[in-house]
Amino acid sequence: MGLRKQKLMRRRAALLERISVQREELAEVNARLQPVFLIADRAVLAGRFLFAHPVLVIGLTGLALVRRKGWVGLVTGAWRVWKTYRYVNNFSKKLTPRQ
């Protein structure tokens, strides 16, 4: 074997050792972060469920308002949501480019 080939073989062996160490470190990091990933996955699933069922969200929000502040609170909350929607809608129309 030539000198260059021996050098390449030593370099390859060193790199393979380094890869092995990094793979072990990555496995340790993954083991520590696994509970965090599970919580994040559950949060994403909950968000998708709520996004897919807006009527349920509105109903639960209305129920919470009625229980907390009575019917007046529900009407006041609905009025605020309506005004906010109109404001955001008008504001977004001003931001879109005119053709």
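A residue that is free of Cβ contacts under 8 Å to residues at least 40 places away in the same chain and outside any helix (DSSP H, G or I) cannot be found anywhere in segment 15-32. The condition (being charged (D, E, K, R), surrounded by 10 or more Cβ atoms within 10 Å (Cβ to Cβ) and at pLDDT below 95) is satisfied by just one residue among ARG18, ARG86, ARG12, ARG98: ARG86.
The values are calculated or read from the model by the stated rules, or taken from the named source; none is laboratory data. If you're wondering where the values come from, they're calculated on a predicted model, not measured in any experiment. Neighbour counts run over all protein chains shown; Cβ positions are idealised from the backbone, glycine included.
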